[in-house]
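The values are calculated or read from the model by the stated rules, or taken from the named source; none is laboratory data. Everything numeric here is computed off the predicted structure, so don't read it as measured data. All Cβ positions, even for glycine, are placed from backbone atoms using ideal geometry, and neighbour counts span all protein chains on display.
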Amino acid sequence: MFVDVVGQERAVETLRRAGERPSHAYLLVGPRGSGVEDAARDFAALLIGVGDDERSLRLVQRGVHPDVVEFAPGGASYRVKEDVRETILPEAARAPIEAERRVLILFEAERLRGNQNESANAMLKTIEEPPPRTIVLLVTAAAEDLLPTIRSRCQRIDFDPVAENVLRIALERDGVDHEIAATAAALSGGQLARARALAGPLAPMRAAFVNAPTRVDGTGATAFALAELLGAAVDQAADVVTGRHDEELREFDAELERLGYGDRDGQRLRRRIEERQRRESRRTRIDLLLEGVTALETVYRDVLADPAPPLNGDRPRLRVPPRAAAAALDECRRAREAFLINEKGLVRLTHLLLSLPSARPV
């Protein structure tokens, strides 16, 4: 357990100690990709007593163990009726199937809000007094957005951004080339999962976005052609998630048949996985577009940071005036806000590219 949680020794030690005499609710706080998600799953495995059972640990880490139930908001917030009252609370009340305990993990817990924090208030009693064999793990990057009453009823464990050199060493240990590892670590914002993605499946998409500013020329034709190219790169990255979902369901079906679950339990568990996959698919494209905008932002950040070392160490710096780079960052911010509200990828990408200054590498 915790072997993939890099650079978080203090938090991991706290979790190990907590597993010896567990409380009813925990608040795990850290930026996405800092290892907090993997740590939450490994902690859940510890809480349900996986021990040396590799099969059970693997199921928990894949998010398909029957006694560790994961939740994430499908939209801007957890819905009080569909998400909390009709899904999360009934799952909290269920008896364990294989283990002696049941663990609920709520990712992006700061989204327990909605009108007048209805979803947070609906969760409050369960967090205060969960069923005897149920433990709730709230995972968030923004603990201050949670109701104080919820924060006060959880044991809090903080995860910090991982140092750049620790990330680089971890990537090199994975077999990543030194130069690629150094660039991915610099761009990752202290997040190991993001560093691994930038060095692997997101590398082609990131390359397409960081190269785009060298090709814009202020014309609509060029902007539209580049937007189509970037959109195709996003689609290709999204296909990786879809393929993983298909494989996950195949593995679950094989596991279900081997363990001999009853039809009712099996169907309920499969529906749970399919619902999580639908939420992931809805969020994936927006997340990828935001990652693309982040790549553009780093290009113009490197212009403004000169002569400091660039984040994009594998690319030459652009030659644009600092004022134009600052204006480009403003346009990227507006595009980021638009993607969070309503995707409209190709149209918004074209608009963004039309707003960027013509430039060439230094």
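Being in contact with a strand residue (DSSP E or B) (Cβ under 8 Å, 6 or more places away or on another chain), aliphatic (A, V, I, L, M) and closer than 23 Å to Gly30 by Cβ narrows it down to one residue among Leu147, Leu104; which is it?
Leu104
Looking only at the range 197-216, count every residue that is among the basic types (Lys, Arg) and surrounded by fewer than 22 Cβ atoms within 10 Å (Cβ to Cβ) and tell me the total.
Result for the range 197-216: 1.
Take the range 180-202 and flag every residue that is of a type in the set (S, T, N, Q) and either modelled with pLDDT of 90 or more or assigned to a helix (DSSP H, G or I) (or both).
Answer for the range 180-202, where residues must be of a type in the set (S, T, N, Q) and either modelled with pLDDT of 90 or more or assigned to a helix (DSSP H, G or I) (or both): Thr183, Ser188.
Scan the range 203-215 and tell me whether some residue there is modelled with pLDDT of 90 or more, touching a helix residue (DSSP H, G or I) at 6+ places or on another chain (Cβ under 8 Å), assigned to a helix (DSSP H, G or I) and of a type in the set (Phe, Trp, Tyr).
Checking the range 203-215: at least one residue is modelled with pLDDT of 90 or more, touching a helix residue (DSSP H, G or I) at 6+ places or on another chain (Cβ under 8 Å), assigned to a helix (DSSP H, G or I) and of a type in the set (Phe, Trp, Tyr).
When the range 156-179 is examined, which residues are found to be in a helix (DSSP H, G or I) and crowded, with 18+ Cβ neighbours inside 10 Å?
Of the range 156-179, the ones in a helix (DSSP H, G or I) are 164-173, 178-179.
Listed by number, the residues that qualify are Leu167, Arg168, Ala170, Leu171.
At pLDDT 90 or above and more than 20 Å from Ala92 (Cβ to Cβ), is that true of Arg16?
yes
So which of Arg285, Arg258, Arg278, Arg272 is at pLDDT 80 or above, in a helix (DSSP H, G or I) and not assigned by TED's automatic domain parsing to the domain that holds Ser77?
Arg285
Could you identify the single residue in Thr183, Thr242 that is surrounded by fewer than 19 Cβ atoms within 10 Å (Cβ to Cβ) and polar (S, T, N, Q)?
Among Thr183, Thr242, only Thr242 is surrounded by fewer than 19 Cβ atoms within 10 Å (Cβ to Cβ) and polar (S, T, N, Q).
Evaluate the following for Asp160: is it modelled with pLDDT of 85 or more and under 22 Å from the mean Cα position of the chain (by Cα)?
Considered against the rule, which asks whether it is modelled with pLDDT of 85 or more and under 22 Å from the mean Cα position of the chain (by Cα), Asp160 comes out as yes.
May I ask you to list the residues in the range 96-135 that are at pLDDT 85 or above, part of a loop (DSSP other than H, G, I, E, B) and more than 20 Å from Gly75 (Cβ to Cβ)?
Pro96, Ile97, Glu98, Ala99, Glu100, Arg101, Pro131, Pro132, Arg133
Keeping to the range 1-40, report how many residues are in contact (Cβ under 8 Å) with a residue 24 or more places away in the chain, more than 24 Å from Ala185 (Cα to Cα) and of a type in the set (Lys, Arg).
Here the count works out to 1.
Name the pairs whose Cβ atoms lie under 9 Å apart, with the first residue in the range 119-136 and within 22 Å of Ile97 (Cβ to Cβ), the second β-branched (Val, Ile, Thr) and assigned to a loop (DSSP other than H, G, I, E, B), and 6 or more positions between them or separate chains?
Ile135/Ile48
Give the residues of the range 314-339 that are part of a helix (DSSP H, G or I), touching a helix residue (DSSP H, G or I) at 6+ places or on another chain (Cβ under 7 Å) and in contact (Cβ under 8 Å) with a residue 12 or more places away in the chain, sorted by residue number.
Pro322, Ala325, Ala326, Ala328, Leu329, Glu331, Cys332, Ala335, Arg336, Phe339
Considering each of Glu91, Glu82 in turn, give the residue that is in contact (Cβ under 8 Å) with a residue 12 or more places away in the chain and either in a strand (DSSP E or B) or of a type outside the set (A, V, I, L, M, F, W, C) (or both).
Answer to the check: Glu91.
One line per residue, one yes/no per condition, for (1) touching a helix residue (DSSP H, G or I) at 6+ places or on another chain (Cβ under 8 Å); (2) of a type outside the set (D, E, K, R); (3) assigned by TED's automatic domain parsing to the domain that holds Arg271:
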{"position": "Phe71", "(1), (2), (3)": "yes, yes, no"}
{"position": "Gly74", "(1), (2), (3)": "yes, yes, no"}
{"position": "Ser77", "(1), (2), (3)": "yes, yes, no"}
{"position": "Lys81", "(1), (2), (3)": "no, no, no"}
{"position": "Arg94", "(1), (2), (3)": "no, no, no"}
{"position": "Glu98", "(1), (2), (3)": "yes, no, no"}
{"position": "Arg102", "(1), (2), (3)": "yes, no, no"}
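Just to verify a result, which residue in the range 142-155, among those that are out of contact with any Asp or Glu (no Cβ under 7 Å at 6 or more places or on another chain) and assigned to a loop (DSSP other than H, G, I, E, B), is surrounded by the most Cβ atoms within 10 Å (Cβ to Cβ)?
Cys154
Give the range 19-75 a look and list any residue that's among the hydrophobic types (A, V, I, L, M, F, W, C) and assigned to a helix (DSSP H, G or I), or say none.
Result: Val36, Ala39, Ala40, Phe43, Ala44, Ala45, Leu46, Leu47, Leu57, Leu59, Val60.
Please go through (1) part of a helix (DSSP H, G or I); (2) among the hydrophobic types (A, V, I, L, M, F, W, C); (3) closer than 22 Å to Gly33 by Cβ for Leu311 and return the number of the only condition it doesn't satisfy.
With respect to (1) part of a helix (DSSP H, G or I); (2) among the hydrophobic types (A, V, I, L, M, F, W, C); (3) closer than 22 Å to Gly33 by Cβ, Leu311 is out only on (1).
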